[in-house]
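Q: Take this structure first; my questions come after.
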Amino acid sequence: MTDTENGHMPFPAADSAPPAGTVGQAGNPEPDVAFTLGGGPRLEPEPDATARATELAHEIVRELALSGPPGWEQLEALFVLTTEAEIAQVFFAEGRRAVRVQPSPRVLELVRAQRHTSAELGDGPWWRWQLSVSQAGALEAEYDYGDEPFPEEQLFPPEVYLADLETYPRAVLPVWLAAYIEHGDRQARPPRVAALRARADREGGMRARLSEFDFPEFPLMWARWAVLAAAFVAAGSQWGPRILPALGYFEGSRRSGSTLYTLPGGRAVLSGGVWNDPRLHAAYNEGAPLPAVYAGAPEWVAGPVLNPRAGNGLLSFCYWWENGNWYRGDSPEAADLADAVPGIWTAETVAEVVCGLLSADPTEQQRASTTALVEAAERGVVTRQTLVEVFGDEDIFDIDSAYFQLTMVGVTAPQPISHPSSISREQAIGAVRDFLADRGPHTPDYPMERLHADRLDLGWLVHVPPESGEIAIGRAIFYIADDGVLEQSSSSVPPSRYIPEFEQRFRSRQR
C-alpha cells in the first residue's frame, strides 16, 4: 500500500508475511514442519525442544490426515489454546464441499503437548496455530504469538489469559493483549468522571498545554479532512478518512487511527491511538503509569466524543480545540502521530494525497483542479462542479457520495435560491376554500363563491371584495405565497403594511 492509498503522508510499507513450512509428496509420513515464530524477541531454541516440537507436529498432521473423508483435497486446521480454554476447527475440502471433522482426543492431546513444548522455543508458547495441508503434500503452518489482535470470535475473556500466564510467564506481552488484560477501564472517561476530574484539575492548578504548532486550526483541519474523505469515497476506496454528522474518523491499515468530533460553540476533540505506542508498552509491560492524556481537559472532553480506544486502554493521545486554540495533556506531539491521523497537515499535503488517487503521474490540470478543490473547501464554497473538475468521469467516480461528505461538514457553497414556480390563481383560491372548509360552520358569512385573487410579486392576495355600497370591516384576507404557505390577515391591516413582511418571510424560508 502506498502513502496516498491510506489517506495520510508519510506511510511505511507493510510488514512482510511470515515464512511457511513445506512437506513432501502426499503420503509422506514425515512432513517437515517449519516454525513461524513471532510476538517479540524469541530465545534461541534448544535442539531437543525443536526436535520434540517437530516430531509432535508430524504426528498431529498424520492423525488429522487419517480422520479425513476418502478423496479429500485440502486440510485446514485451526487450534486456539490456553490452559483454561480451547478452540479446535478442522475442515477437509472435497471438491466444492467442505467437511468439518471433530478432532479426536488423541489429536487434542498432541496439540497441547506441542504447545507446551513450543514454550521452550521462546518467550511463552503460541496461542493460535493454523495448518494447511494439500493432497499433494504441501504444508503451511503458522504459529501466532499475538503480534496482531486475535479475531473477536477467537478471543477469550481476560481471566483466561491471566491463568495461562501463571503457567507460562512471559517477559513481554503484545501491547494490545496487555491492555486487554490489564487496562481496567483506566482510560474510560464517562461524563460524570470527566466533570469530577475537570474540577479536581482546576482546584489543583492542573492546566492543559497550549498546542500552537501541532495541528492546523480546527476549521481548516475539518475542511481538509472532508476533502480527503470525499476523495476516497469518490474513488470507492475502503481506506482513507470518512465523515459522519459531527464526526470524522480514520483507521489506517497498520491499526493506528483517530476520531475528530465537533461540538457546539466551535469546540472539537481529536483523539486516537498509535499501534504499539512505546508509552503504552511501558505502562502495561514495565509498570509505568499510563500517560495522563486528559490532564487539564475540560469536562466536555468525555467518553461520547473520545475514540473507542479509550474503552480498551489503547488511547495514545487526546487534543481538544477551544477558543481558537488546540490544547493537550500528556499526549505526544503531532510529529509522532502521523500514522494515526490523515494527511491534513497542509493544503499541499491534502492535494498531493488526492492527486495520488487520480493517477500515479497526475497532469498539471489535475493538480490545478485538486488545489482549487482544497482552497474551495477551506473557504466553504465547494460546488458539485468543483468535484467534477477534479474527478471528471462520473461513471468511474462517485461524485454524489463524495459531495455528500462535504455537505455534512458544511464546506459546500450555499445553494442559490430557486424561485418556485408561481402557483396559479385557481390554486390560490382553492387553498383558501380548503382552509375555510376545514374551519367548519363558523364562517357562514364568508361567501366562498365570491373569492377573488390578486397577483403579488411572490404570491397572491385572496379575499371577498365588498359589494356595491357594502363596507367590510375586519373581514379576513388571505395571502398565499408561491411556495404554498397560507397566511391569514384582516382588512383592518392595510396590504401595503402587510405585504413587505409577507415577502420577507417567504425569502427567509427559501434561504
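Q: Count, please, the residues in region 328-373 that happen to be assigned to a loop (DSSP other than H, G, I, E, B), touching a strand residue (DSSP E or B) at 6+ places or on another chain (Cβ under 7 Å) and small (Gly, Ala, Ser).
A: 2
Q: Name the helices (runs of 4 or more DSSP H) wholly within region 189-299 that hold at least 2 residues that are of a type in the set (Phe, Trp, Tyr) and at pLDDT 95 or above? Don't jump to the end; show me each part of the working.
A: Numbers: elements: 191-203, 218-234, 278-285.
Those helices (runs of 4 or more DSSP H) span 218-234.
Q: Could I ask something else about it? With respect to the numbered conditions (1) surrounded by 16 or more Cβ atoms within 10 Å (Cβ to Cβ); (2) modelled with pLDDT of 90 or more, which one is the sole condition not fulfilled by VAL485?
A: The failed condition is (1).
Q: From the list GLU159, GLU182, GLU153, GLU166, exactly one residue is in contact with a Phe, Trp or Tyr (Cβ under 6 Å, 6 or more places away or on another chain) and not basic (Lys, Arg). Which is it?
A: GLU182
Q: Now, a different point. Are any residues in region 47-75 of a type in the set (Gly, Ala, Ser), in a loop (DSSP other than H, G, I, E, B) and either touching a Pro at 6+ places or on another chain (Cβ under 8 Å) or farther than 12 Å from VAL133 by Cβ (or both), and if so, which ones?
A: Within region 47-75, the first condition is being of a type in the set (Gly, Ala, Ser), and the residues that meet it are 49, 51, 53, 57, 65, 67-68, 71.
If we keep only those that are in a loop (DSSP other than H, G, I, E, B) too, we end up with 67-68, 71.
Result: SER67, GLY71.
Q: Still on this structure, I have one more. Checking ARG170 against (1) open to solvent by 30 Å² or more (accessible area, probe 1.4 Å); (2) within 30 Å of ASP398 (Cβ to Cβ), only one condition comes out false. Which one?
A: (2)
Q: Condition test on ALA376, is it in contact with a strand residue (DSSP E or B) (Cβ under 8 Å, 6 or more places away or on another chain), part of a helix (DSSP H, G or I) and modelled with pLDDT of 90 or more?
A: Yes.
Q: Condition (residue is in a loop (DSSP other than H, G, I, E, B), under 23 Å from ALA230 (Cβ atoms) and in contact with a Phe, Trp or Tyr (Cβ under 9 Å, 6 or more places away or on another chain)) applied to region 305-316: is it met by at least one residue? Break it down stepwise before answering.
A: Start the filter on region 305-316 by keeping residues that are in a loop (DSSP other than H, G, I, E, B), which leaves 306-307, 312-316.
Right, trim to under 23 Å from ALA230 (Cβ atoms) and you get 307.
Narrowing further to those that are in contact with a Phe, Trp or Tyr (Cβ under 9 Å, 6 or more places away or on another chain): 307.
Yes: region 305-316 contains one or more residues that are in a loop (DSSP other than H, G, I, E, B), under 23 Å from ALA230 (Cβ atoms) and in contact with a Phe, Trp or Tyr (Cβ under 9 Å, 6 or more places away or on another chain).
Q: Quick one: which of ALA372, ALA428, ALA351 is open to solvent by 20 Å² or more (accessible area, probe 1.4 Å) and among the aliphatic types (A, V, I, L, M)? Steps first, please.
A: Numbers: ALA428 fails: open to solvent by 20 Å² or more (accessible area, probe 1.4 Å); ALA351 fails: open to solvent by 20 Å² or more (accessible area, probe 1.4 Å).
One residue alone meets the criteria, ALA372.
Q: How many residues are assigned to a helix (DSSP H, G or I) and at pLDDT below 95 if we restrict to region 154-171?
A: Summing the residues that are assigned to a helix (DSSP H, G or I) and at pLDDT below 95 in region 154-171 gives 0.
Q: Right, something else. For GLY39, indicate whether it is on the phi > 0 side of the Ramachandran plot, modelled with pLDDT under 50 and either open to solvent by less than 60 Å² (accessible area, probe 1.4 Å) or part of a loop (DSSP other than H, G, I, E, B) (or both).
A: yes
Q: Return the total of residues in region 376-399 being in contact with a helix residue (DSSP H, G or I) (Cβ under 8 Å, 6 or more places away or on another chain) and either open to solvent by 60 Å² or more (accessible area, probe 1.4 Å) or closer than 17 Å to LEU244 by Cβ (or both).
A: Within region 376-399, residues that are in contact with a helix residue (DSSP H, G or I) (Cβ under 8 Å, 6 or more places away or on another chain) and either open to solvent by 60 Å² or more (accessible area, probe 1.4 Å) or closer than 17 Å to LEU244 by Cβ (or both) number 5.
Q: Those residues that are in a strand (DSSP E or B) and open to solvent by 60 Å² or more (accessible area, probe 1.4 Å), I need them from region 76-88; list them, please. Show your work before the answer.
A: Just the residues of region 76-88 that are in a strand (DSSP E or B), to begin with: 76-81, 86-88.
Those that are in a strand (DSSP E or B) and open to solvent by 60 Å² or more (accessible area, probe 1.4 Å): GLU76, GLU86.
Q: Restrict the check to region 306-323 and report whether at least one residue is of a type in the set (Lys, Arg) and touching a Leu at 6+ places or on another chain (Cβ under 7 Å).
A: The answer is yes; a qualifying residue exists.
Q: Continuing with this model, one more query. List pairs: first in region 208-222 and closer than 23 Å to ALA198 by Cα, second among the β-branched types (Val, Ile, Thr) and buried (at least 19 other Cβ atoms within 10 Å of the Cβ), Cβ under 8 Å, 6+ apart or cross-chain?
A: Here the result reads PHE218/THR262, each pair linking region 208-222 to a residue that is among the β-branched types (Val, Ile, Thr) and buried (at least 19 other Cβ atoms within 10 Å of the Cβ).
Q: Restricting region 356-399 to residues that are free of Cβ contacts under 8 Å to residues at least 40 places away in the same chain and in contact with a Pro (Cβ under 9 Å, 6 or more places away or on another chain), which is nearest to PRO414 (Cα to Cα)?
A: Within region 356-399, the match that is nearest to PRO414 (Cα to Cα) is VAL381.
Q: Let me ask something else. Starting from residues that are open to solvent by 20 Å² or more (accessible area, probe 1.4 Å) and of a type in the set (Gly, Ala, Ser), keep the ones in region 261-281 and report whichever is nearest to LEU337 (Cα to Cα).
A: GLY266
Q: Right, next: So PRO304 fits all but one of (1) closer than 25 Å to ASN276 by Cβ; (2) under 17 Å from the mean Cα position of the chain (by Cα); what number is the exception?
A: Single failed check for PRO304: (1).
Q: Are there any pairs with C-beta distances below 9 angstrom linking a residue in region 276-288 that is at negative phi to a residue that is open to solvent by 70 Å² or more (accessible area, probe 1.4 Å) and hydrophobic (A, V, I, L, M, F, W, C), with the two at least 6 apart or on different chains, and if so which?
A: ASN285/ALA171
Q: Further question: Answer yes or no as to whether TRP300 is of a type in the set (Phe, Trp, Tyr) and either touching a strand residue (DSSP E or B) at 6+ places or on another chain (Cβ under 7 Å) or crowded, with 22+ Cβ neighbours inside 10 Å (or both).
A: Spelling it out, TRP300 is indeed of a type in the set (Phe, Trp, Tyr) and either touching a strand residue (DSSP E or B) at 6+ places or on another chain (Cβ under 7 Å) or crowded, with 22+ Cβ neighbours inside 10 Å (or both).
Q: Could you please tell me which pairs satisfy a Cβ distance under 9 Å, a separation of 6+ or placement on different chains, a first residue in region 132-150 that is on the phi > 0 side of the Ramachandran plot, and a second residue that is acidic (Asp, Glu) and in a strand (DSSP E or B)?
A: Filtered contacts from region 132-150: no entries.
Q: Select from region 89-140 the residues that are part of a strand (DSSP E or B) and closer than 25 Å to ALA49 by Cα and list them in ascending order.
A: Filtering region 89-140 down to residues part of a strand (DSSP E or B) leaves 89-94, 97-100, 128-134, 139-140.
Of everything in region 89-140, those that are part of a strand (DSSP E or B) and closer than 25 Å to ALA49 by Cα turn out to be ARG128, TRP129, GLN130, LEU131, SER132, VAL133, LEU139, GLU140.
The values are calculated or read from the model by the stated rules, or taken from the named source; none is laboratory data. Remember, it's a predicted structure, so these values are computed and weren't measured experimentally. Note that we place each Cβ from the backbone using ideal geometry, even for glycine, and neighbour counts take in every protein chain shown. The protein model used for the area step is the full one, side chains on, heavy atoms only, and it has no ligands, DNA or RNA in it. Shrake-Rupley method; radii C 1.70, N 1.55, O 1.52, S 1.80 Å.
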